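Beneath this line is the structure, given in structure tokens, with notes to follow.
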Amino acid sequence: TGSTRPQRILRAVQKNSTRGSPCSVVNAIDDYCKHKEWAMNVGDEKGIIVDDVVLELKPITVLELGTYCAYSTVRIANLLPPEAKLITLEFNAESAAIAREIITWAGLEEKIQLIIGASGDWIPRLKEEFGIETFDLVFLDHWKDRYLPDTKLLEKCGLLKPGAVLLADNVICPGTPDYLDYVRNSPRYKSKFYRSHLEYTQEEDGLEHSVFLGMAGRGAE
Ligand SMILES: O=C(NC/C=C/[C@H]1O[C@@H](Sc2ccncc2)[C@H](O)[C@@H]1O)c1cc([N+](=O)[O-])cc(O)c1O
Ligand SMILES: [Mg+2]
């Protein structure tokens, strides 16, 4: 019974990064996935776009859908203001266990709440169970066919306020056509596309940045 890819990523982090240094954790994962074994982290190229969005928005409450090995979790949490919190939802218990180790290694466990479960089950419970009012930023990077239903669920649960940003990975590859169609054509969103490449490859990909304007879709006339 060999190791899993997440286990090999954790080993690379422990071998090639410094405890308590989120930047070195991010670099260690990028190096491993660039030179040893591809993995579905948002990666260094798209990661710079994520960084810019976070630094510009200065979000206080962040939701991440799809933790995997916590690459983007660590990358985002590292840039948040001191009082900010990030909640990340992960369905797979094995990935979540590795993610927890990487979050702790990076020294970010105070900023990050990792929940094991499905976004569809947990989104309706976040207000009640975690005292969340609304999210300033949502990073979508989980199952691509869940982007649209989970966005509608966030709206329905009143978890988005006007000005909230949805940042979605992989809108080209693997692609999220129904989600793109929705955020680009709904009066509830002002959407723009950041062209980039699939992590660690030359394939076309990009991030969709969508600002929630409010349910009536009045927002900025
Ligand atoms: O499939 C991709 N991502 C799906 C990610 C899924 C992650 O989120 C949960 S699912 C879940 C479900 C519900 N709630 C929370 C988590 C899985 O256990 C996994 O850890 C993907 C694929 C490629 N690619 O090139 O093939 C590139 C990428 O950047 C990708 O993100
Ligand atoms: Mg992705």
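Looking at Tyr147, Tyr68, which one is within 16 Å of ligand 2 (Cβ to nearest atom), within 15 Å of the chain's Cα centre (by Cα), of a type outside the set (A, V, I, L, M, F, W, C) and within 26 Å of Lys15 (Cβ to Cβ)?
Details: Tyr147 fails: within 26 Å of Lys15 (Cβ to Cβ).
Going through Tyr147, Tyr68 in turn, just one is within 16 Å of ligand 2 (Cβ to nearest atom), within 15 Å of the chain's Cα centre (by Cα), of a type outside the set (A, V, I, L, M, F, W, C) and within 26 Å of Lys15 (Cβ to Cβ): Tyr68.
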Item to check | Whichever residue in the range 38-59 is part of a loop (DSSP other than H, G, I, E, B) and more than 21 Å from Arg100 (Cα to Cα) and, among such residues, is nearest to ligand 1 (Cβ to nearest atom) | outcome: Pro59
Item to check | Residue list for the range 52-111, filter: under 22 Å from Trp122 (Cα atoms) and among the aromatic types (Phe, Trp, Tyr) | outcome: Tyr68, Tyr71, Phe91
Item to check | Conditions (1) touching a strand residue (DSSP E or B) at 6+ places or on another chain (Cβ under 8 Å); (2) in a helix (DSSP H, G or I); number of the one not met by Leu89 | outcome: (2)
Checklist entry - Can you spot a residue in the range 148-170 that is closer than 26 Å to Asp44 by Cα, more than 11 Å from ligand 1 (Cβ to nearest atom) and surrounded by fewer than 17 Cβ atoms within 10 Å (Cβ to Cβ)? => result no
Item to check | Enumeration of residues in the range 195-213 that are touching a residue at least 40 places away in the same chain (Cβ under 8 Å) and surrounded by fewer than 17 Cβ atoms within 10 Å (Cβ to Cβ) | outcome: His197, Thr201
Checklist entry - Which one is nearest to His209 (Cα to Cα), of the residues in the range 139-157 that are charged (D, E, K, R) and in contact (Cβ under 8 Å) with a residue 40 or more places away in the chain? => result Asp141
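Among Thr67, Thr61, Thr88, Thr4, which is within 25 Å of Gln202 (Cα to Cα), β-branched (Val, Ile, Thr) and either in contact with a helix residue (DSSP H, G or I) (Cβ under 8 Å, 6 or more places away or on another chain) or buried (at least 20 other Cβ atoms within 10 Å of the Cβ) (or both)? Break it down into steps so the answer makes sense when it comes.
Working: Thr61 fails: within 25 Å of Gln202 (Cα to Cα); Thr88 fails: within 25 Å of Gln202 (Cα to Cα); Thr4 fails: within 25 Å of Gln202 (Cα to Cα).
Matching residue, one of Thr67, Thr61, Thr88, Thr4: Thr67.
For residues that are part of a strand (DSSP E or B), more than 16 Å from ligand 2 (Cβ to nearest atom) and at pLDDT 95 or above, tally how many sit in the range 151-170.
First pass over the range 151-170, keeping only residues part of a strand (DSSP E or B): 160-168.
Going one step further and asking which of them are more than 16 Å from ligand 2 (Cβ to nearest atom), we end up with 160-165.
From what is left, the residues that are at pLDDT 95 or above are 160, 162-165.
Here the count works out to 5.
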Checklist entry - Given the conditions (1) of a type outside the set (Lys, Arg); (2) away from ligand 2 (no atom under 13 Å from the Cβ); (3) under 21 Å from Thr134 (Cα atoms); (4) touching a Phe, Trp or Tyr at 6+ places or on another chain (Cβ under 8 Å), and given that Leu57 satisfies all but one, which numbered condition is not satisfied? => result (4)
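Restricting attention to the range 8-32, report how many residues are outside any loop (DSSP other than H, G, I, E, B), in contact with a helix residue (DSSP H, G or I) (Cβ under 7 Å, 6 or more places away or on another chain) and either small (Gly, Ala, Ser) or surrounded by 15 or more Cβ atoms within 10 Å (Cβ to Cβ) (or both). Spell out the reasoning first.
Filtering the range 8-32 for residues outside any loop (DSSP other than H, G, I, E, B) gives 8-16, 22-32.
Applying the additional criterion that residues be in contact with a helix residue (DSSP H, G or I) (Cβ under 7 Å, 6 or more places away or on another chain) yields 9-10, 12-14, 16, 22, 25-26, 28-32.
From what is left, the residues that are either small (Gly, Ala, Ser) or surrounded by 15 or more Cβ atoms within 10 Å (Cβ to Cβ) (or both) are 9-10, 12-13, 22, 25-26, 28-30, 32.
Qualifying residue count, the range 8-32: 11.
The values are calculated or read from the model by the stated rules, or taken from the named source; none is laboratory data. These numbers were taken from a predicted model, which means no experiment stands behind them. Ideal geometry is used to build each Cβ from the backbone, glycine not excepted, and the neighbour counts take in all protein chains shown.
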